[in-house]
1. With respect to residue 168, determine if the residue is modelled with pLDDT under 95, of a type outside the set (Val, Ile, Thr), farther than 30 Å from residue 14 by Cβ and not assigned by TED's automatic domain parsing to the domain that holds residue 30.
2. In the stretch 125-147, which residue that is assigned to a loop (DSSP other than H, G, I, E, B) and either more than 16 Å from the chain's Cα centre (by Cα) or of a type in the set (Gly, Ala, Ser) (or both) is surrounded by the most Cβ atoms within 10 Å (Cβ to Cβ)?
3. Kindly indicate the residue of the stretch 28-66 that is loosely packed, with under 13 Cβ neighbours inside 10 Å and within 23 Å of residue 241 (Cβ to Cβ) and also nearest to the chain's Cα centre (by Cα) among those meeting that condition.
4. Are any of the residues in the stretch 192-215 outside any helix (DSSP H, G or I) and touching a His at 6+ places or on another chain (Cβ under 7 Å)?
5. Out of the residues in the stretch 67-92 meeting the condition of being touching a helix residue (DSSP H, G or I) at 6+ places or on another chain (Cβ under 7 Å) and hydroxyl-bearing (Ser, Thr, Tyr), tell me which one is modelled with the highest pLDDT.
6. Restricting to the stretch 227-237, name every residue that is of a type outside the set (Val, Ile, Thr) and surrounded by fewer than 21 Cβ atoms within 10 Å (Cβ to Cβ).
7. Every residue in the stretch 178-220 that is free of Cβ contacts under 8 Å to residues at least 40 places away in the same chain, within 28 Å of residue 140 (Cα to Cα) and surrounded by fewer than 16 Cβ atoms within 10 Å (Cβ to Cβ), please.
8. Report yes if residue 62 is in a loop (DSSP other than H, G, I, E, B) and not assigned by TED's automatic domain parsing to the domain that holds residue 135, otherwise no.
Amino acid sequence: MLLAIDIGNTHIVLGVFDRKHLRGEWRVATQLHKTSDEYGILTQHLLAASKINSKRIAGAIIASVVPPLTPVFHAMTQTYFSKKVITINHALKTGIRILYDQPNEIGADRIVNAAAAYHLFGGPLVIIDFGTATTFCVLSKSGDYLGGAIAPGLMISAEALHTRTAKLAPVELNRPASVIGKNTLSSIQSGLIFGYAGLVDGLVNRIHTELGAKTEVIATGGLCGLLTPECRTITKMRPTLTLEGLMIIYGMNRG
């Protein structure tokens, strides 16, 4: 079995694959102060709660956008689970060709999402990851990673609205009944949810204009379930895309 770990700024998502079947998936808070032993014990407990035998973990792969935690999880997986650990970087075999100006600058999560989406759906593609930041990745028909866009995530936008104003309270990110809010709560929710959907559709339409054609648009990330129904340009939702990408890339590089 394979242990796949996606280390994000807000959450760490762990998944266990038995061949190509995702046996379990867990989401925990990203905490910089935890040690490799603490994360190791936590991961073992999560596996045990799902009746997954940790001794069957034969390999591990890590995608991290939090540099201080990368060596922590590398040590954790080697100590507690695996003899073979792969950490995502632009030099690995991925099935795509990265045409970024500085390939080493591209986030590990973007590489993984692009590789997974191209493997599953072919190209051309736009992949949107709704996480701490919202990232847009663009792939050509032949699997060239052309680049993309990065926008502040919905949670960041909501927190900024609260912290940078004197009277606007924090709100739950729920879909309001109408665009025209009848009170402050629904007005904020409208601006956040529907306004963010407009941002997404606007960027995708501009990307399609530059490409000269419309593409499949794949949504993933922790907030994709909330935002996908409000976006007119998204054609498919794949919440487990990053974990699937880790599994695919591990298969290409484990030898």
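1. Answer is yes for this residue.
2. Per the criteria, the residue is 131.
3. 29
4. Residues of the stretch 192-215 outside any helix (DSSP H, G or I): 212-215.
Then keep just the ones that are touching a His at 6+ places or on another chain (Cβ under 7 Å); that gives 214-215.
Within the stretch 192-215 (the criterion being outside any helix (DSSP H, G or I) and touching a His at 6+ places or on another chain (Cβ under 7 Å)), the answer is yes, since at least one residue qualifies.
5. 87
6. Those that are of a type outside the set (Val, Ile, Thr) and surrounded by fewer than 21 Cβ atoms within 10 Å (Cβ to Cβ): 229, 230, 232, 236, 237.
7. Those that are free of Cβ contacts under 8 Å to residues at least 40 places away in the same chain, within 28 Å of residue 140 (Cα to Cα) and surrounded by fewer than 16 Cβ atoms within 10 Å (Cβ to Cβ): 198, 202, 205, 206, 209, 210, 212, 214.
8. No, not satisfied.
The values are calculated or read from the model by the stated rules, or taken from the named source; none is laboratory data. What you are looking at is a predicted structure, and each value in this text was computed from that prediction instead of being measured. FYI the Cβ positions are ideal-geometry reconstructions off the backbone, even for glycines, and counts take in every protein chain you see.
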